[in-house]
Amino acid sequence: MQAGKRFAMGRFCFTMPFMIDEPRQNFLLRALRPNWMDLAPRVLGEDAPPLDHRTAKLWALVLASRHIPYRLRQVTRGDGGGHTVQVQMWFLDRAVSEIELYLAENAPGQHAVFLPDLRPVSGLEPTIGAMAFLVLFYWVYNRTYPSLGLYPKLWLDLGSAKASGILSGEWWRVFTALTLHGDGAHVVGNALIGGVFVWLATRRLGAGLTWLLTIVGGGVGNLFNAMALAGTHNAIGFSTASFAAAGILAGIAPFGVGGGRHGLGSGNLSQRIYEFIKSALIPVAAGLGLLAMLGAGENTDLGAHLFGFLSGLTLGLLTGLATTRLGLPEKRADECLFGVAMAIPVFAWMYGWLA
């Protein structure tokens, strides 16, 4: 709708048009109070009735396969019954296009199109490969190479999360320490336990985004642990990143990332905040319970585990907010993110040796 104001300048008079529109919400309000739009009237026409359960689940699968966040709502019997599939306002055009394309490709008389369920966003292969390299690296640096002047102690002295070194500017230690382990049982245990948490997160976010957040979360956890303990504190191990992965899982849970369902519920702002807290409570409590079971004990760095979990939780919440607006990375972008994640500890080691 256009309106205007008339301005006079000398003998001339002109009208300056402007748009009358609803005020734009900032990012946080749009994430906490998104405008959900029913897809059926946009695809089937304004007078379209609610969808039956089978059609609603099929449409939801189409959206999930394209990583478009959605939510399913059941219409009460008093309002006619049925189901609705809803998407947030900024995904509306894309969602309508995907549903219409699917319906056109599966029209009567057309050859049916196989629609894969891509909700497990990533498989086991990237995580197995990364954990295999972690174990392989332990085997490599625990061998002596006299001709190269390399010994296990040199790797530990250079790459451990020594608080005094980190606080004096040796930043690479926060990442290199994630790749060092005390013995075979230590590295195998971290590879197995950490691999489970990372894999669960990759099923929702994709391997690239998950691994990047896990490495960064582990590094940030080591940094804050060094700042908190300082002095002569020293630590090694991938477990900080493992707890970061657990925190990421807890952080994204209220947003339904990867599964498509949004966890903020419906209603006014206070109801949405209540739904958010309720959705986050169980995964956060599970993470803290895991911290209590696995994070404490002799020769265990409780601080690194705690800060790793808190770092991952913060990154998970931020990622959940971002993906409700932007969606998940496409396959090519996710592969690039995986490459960046794997390059971080490699670059850290290179910088450490050359520094």
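Readers should treat all values here as calculations from the given coordinates under stated rules, not as data from a laboratory. Everything quoted here is computed from the prediction, not taken from an experiment. Don't worry about glycine lacking a Cβ; one is built from the backbone with ideal geometry, like all the others, and counts go over all protein chains shown.
Each label point was placed 7 Å from the Cα along the Cα-to-Cβ direction; for V196 and S168 their separation is 4.0 nm. Among beta bridges identified by DSSP and lying wholly in the stretch 33-105, the antiparallel ones come to about 100 percent. Segment N35..E105, full-extension length gain: 22.3 nm, with 0.36 nm per residue of separation and the alpha-carbon distance subtracted.
The stretch between M89 and D157, if pulled fully straight at 0.36 nm per residue, gains 19.1 nm over its current Cα-Cα span. As a length-normalised measure over Cα pairs under 8 Å and 6 or more apart, the relative contact order of the stretch 33-105 settles at 39 percent.
Taking amide H atoms as placed 1.01 Å from N in the peptide plane, the amide H of G82 lies under 5 Å from those of V75, each 5 or more residues away in sequence or on another chain. The modelled label-to-label distance between R325 and T76, using points 7 Å beyond Cα along the C-beta direction, is 3.4 nm.
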